[in-house]
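Only one structure is covered here, and it is reproduced in the block below.
Every number here is computed from the coordinates shown, using simple stated rules; none is lab data. All values derive from a computational prediction rather than experimental measurement. All Cβ positions, even for glycine, are placed from backbone atoms using ideal geometry, and neighbour counts span all protein chains on display.
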Amino acid sequence: MGDFSFPCKSKKLIKALGKLGFVVEHGAKHDLAKCVHNGHKTTIPRHVEVKREIVQNIAEFLLEKEIPHEKLLELLR
């Protein structure tokens, strides 16, 4: 899982989730990404750059939902 241990810009992360079929709802302190196909949700903090630990946690969540590893890595890099 060390492939996803890098910081990522929040806008890039939101854009990647959009390409994977998530709709992003903006909240006060966090954004909520919800999959339109199955209703799974994940939160994204409102920072310019998301810490590597959080990127790794979101990647683990997406990989559990059967998103291909290579596709996810390509979108986040």
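Dividing the alpha-carbon Rg of the chain by 2.2 N^0.38 Å yields what?
0.98
Once you have the Cα-Cα distance between Lys12 and Lys41, take 0.36 nm times their residue separation minus that, and quote the gain in nm to one decimal.
Length gained, Lys12 through Lys41: 8.7 nm.
For a Förster distance of 35 Å, can you work out the FRET efficiency between the beta-carbons of Leu63 and Ala28, rounded to the nearest 0.05?
Values: r = 29 Å, r/R0 = 0.82.
Between Leu63 and Ala28 the formula returns 0.75.
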